[in-house]
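Notes follow the structure.
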Amino acid sequence: MRVAIVTESFLPAANGVTTSVLRVLDHLAARGHDAVVVCPGPAPRKYAGFRVIEAPSFSYRGFRAAVPGLQLSRVLDAFAPDVLHAASPFGLGAQALLLARRRGIPTVAIFQTDVAGFARKHGLSASAPGIWRWLRRVHSCADLTLAPSTASLADLAAAGIERTGWWGRGVDADTYHPRHRGTPEGGALRQFLLDGAPEGAVLVGYVGRLAPEKRVERLAALAGDPRVRLVVVGDGPSRAVLERQLPGARFLGRLDGADLARAYAALDVFVHTGTHETFGQTLQEAMASGVTVVAPAAGGPLDVVAQGETGYLYAPEDDGALVGAVRALAGDPAMRARMGEAGRRRVLPRSWEALGEALLGHYAAVIDRAEERVARQVAGFERQLRLTGARQPHP
């Protein structure tokens, strides 16, 4: 296949949209397919051997947003894709879906970002209905919209978005592995993080983007517990504020690869604080690392966390319930170990390879449906020609 991927986020930005696009490109490369990427600039010129084309962009609240323009039309015409993949379409992706429809290119859209929820958290609640109306228009241009959780699929249905299906998120269970905790590097990291903490203290951490919608400041409710040492991994526009709000926490900044895997494995409890996640990829990575998790009972985490088995789900706006769940785990190392092991078993079948194959199946399905439509149109046209010819007077 020739796949055009138009994404609202790409490297060097680190977030769930970027991660899933990278894994899709890795899978396409491994299977011998061809691809091109169009994304907000600045971006690397290539990834996995595929050309990356920058669209003009601007920065807003730490995000790079692309400006639609004539360039995308030229890319699609030159590349002539068999299918277009729109990752979290909103601006650039909306233009891509419209252009593809006009050209008869089959399309798959990935719903991955709760834009309306983020708008509410930024004090723009009045804009949420308008955002959903826009998303309905955007996704109406797609042959298929894939969402990563049952909660997201319900949101799409409530918004009147049709032709939907499920496509989850994979996890690299070899990279994110409990073994990192027992290595010399992992041991040194735990020693550093626990330096000055009382005997028996536990490491309670968050990994992800540091932005207002992630609500990491909620961890301040744990700061007074002597058994808890807070760890924050990630970067973003809220970092300076969070360092003031969480003065006793260890901030490790943005980590990747083996450093990130060690940071996950070093934790005793992983806490997710945001309430507008369509999936919750960091929860899967923590579980693959053998770490028990605590997350809000909303959105994507409902599908990821098995309550009482791999961790705890708390009422989304109840900080007291969040604190209670963490304290229960902090005081019971046997339960943490049991839940951590159960969490890893739960995510082991969710490999990116399996998700990549499922996505190729979705591509093939929309291509087949497009070919069937064309065949029906041709048959109808030929039938009309025959009827028209039959009505013509003979000399």
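The values are calculated or read from the model by the stated rules, or taken from the named source; none is laboratory data. Remember, predicted model here, so these are calculated numbers, not experimental data. A quick note on method: Cβ atoms are made from the backbone with ideal geometry, for glycine too, and the neighbour counts reach across all protein chains shown. Protein only, heavy atoms only, side chains kept; ligands, DNA and RNA dropped before computing areas. Shrake-Rupley method; radii C 1.70, N 1.55, O 1.52, S 1.80 Å.
Report whether or not S140 is among the small types (G, A, S) and either within 14 Å of A87 (Cα to Cα) or crowded, with 18+ Cβ neighbours inside 10 Å (or both). So S140 fails the test. Whether any residue in segment 5-13 is open to solvent by 40 Å² or more (accessible area, probe 1.4 Å), in contact (Cβ under 8 Å) with a residue 12 or more places away in the chain, among the acidic types (D, E) and at negative phi is what I want to check. For segment 5-13, residues open to solvent by 40 Å² or more (accessible area, probe 1.4 Å), in contact (Cβ under 8 Å) with a residue 12 or more places away in the chain, among the acidic types (D, E) and at negative phi: absent. For V21, the conditions (1) part of a helix (DSSP H, G or I); (2) at pLDDT below 95; (3) of a type in the set (A, V, I, L, M) are fulfilled apart from (2).
E217 meets all of the listed conditions (1) modelled with pLDDT of 95 or more; (2) more than 18 Å from D319 (Cβ to Cβ) but one, namely (2).
The rows are residues; the columns are (1) at positive phi; (2) in contact (Cβ under 8 Å) with a residue 12 or more places away in the chain; (3) surrounded by 22 or more Cβ atoms within 10 Å (Cβ to Cβ).
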site	(1), (2), (3)
G208	yes, yes, yes
A211	no, yes, yes
R218	no, yes, no
S238	no, yes, no
E243	no, no, no
G248	no, yes, no
G253	yes, yes, no
D259	no, no, no
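Taking the criterion of being open to solvent by 20 Å² or more (accessible area, probe 1.4 Å), touching a Lys or Arg at 6+ places or on another chain (Cβ under 7 Å) and of a type in the set (A, V, I, L, M), the only residue of segment 73-82 that qualifies is A80.
The sole residue among G356, G361 that is closer than 30 Å to P106 by Cβ, surrounded by fewer than 23 Cβ atoms within 10 Å (Cβ to Cβ) and without any contact (Cβ under 8 Å) to a residue 40 or more places away in the chain is G361.
Please go through segment 293-315 and pick out each residue that is farther than 12 Å from R345 by Cα, open to solvent by less than 40 Å² (accessible area, probe 1.4 Å) and not hydrophobic (A, V, I, L, M, F, W, C). Within segment 293-315, P296, G299, G300, P301, G311, Y314 qualify. Under the condition of being farther than 26 Å from L153 by Cβ and touching a residue at least 12 places away in the same chain (Cβ under 8 Å), which residue from segment 83-112 is surrounded by the most Cβ atoms within 10 Å (Cβ to Cβ)? Filtering segment 83-112 for residues that are farther than 26 Å from L153 by Cβ and touching a residue at least 12 places away in the same chain (Cβ under 8 Å), the one surrounded by the most Cβ atoms within 10 Å (Cβ to Cβ) comes out as L99. Taking strands (runs of 3 or more DSSP E) as the structural unit, those lying wholly within segment 57-132 and holding at least 3 residues that are modelled with pLDDT of 90 or more and touching a helix residue (DSSP H, G or I) at 6+ places or on another chain (Cβ under 6 Å) correspond to 83-87, 107-110. When residues in segment 281-300 are screened for being over 11 Å from G340 (Cα atoms) and touching a residue at least 60 places away in the same chain (Cβ under 8 Å), 7 of them pass. Regarding R369, is this residue in contact (Cβ under 8 Å) with a residue 12 or more places away in the chain, in a helix (DSSP H, G or I) and under 25 Å from the mean Cα position of the chain (by Cα)? When the stated conditions are applied, R369 does not pass them. Looking across A354, A364, A328, one residue alone is in a helix (DSSP H, G or I), modelled with pLDDT of 95 or more and under 28 Å from H85 (Cβ atoms). It is A364.
Conditions tested, residue by residue: (1) open to solvent by 50 Å² or more (accessible area, probe 1.4 Å); (2) closer than 29 Å to G224 by Cα; (3) of a type in the set (D, E); (4) in contact with an Asp or Glu (Cβ under 8 Å, 6 or more places away or on another chain).
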site: T150; (1), (2), (3), (4): yes, no, no, yes
site: D155; (1), (2), (3), (4): yes, no, yes, yes
site: R163; (1), (2), (3), (4): yes, no, no, yes
site: W167; (1), (2), (3), (4): no, no, no, no
site: D174; (1), (2), (3), (4): yes, no, yes, no
site: R190; (1), (2), (3), (4): no, yes, no, no
site: V202; (1), (2), (3), (4): no, yes, no, yes
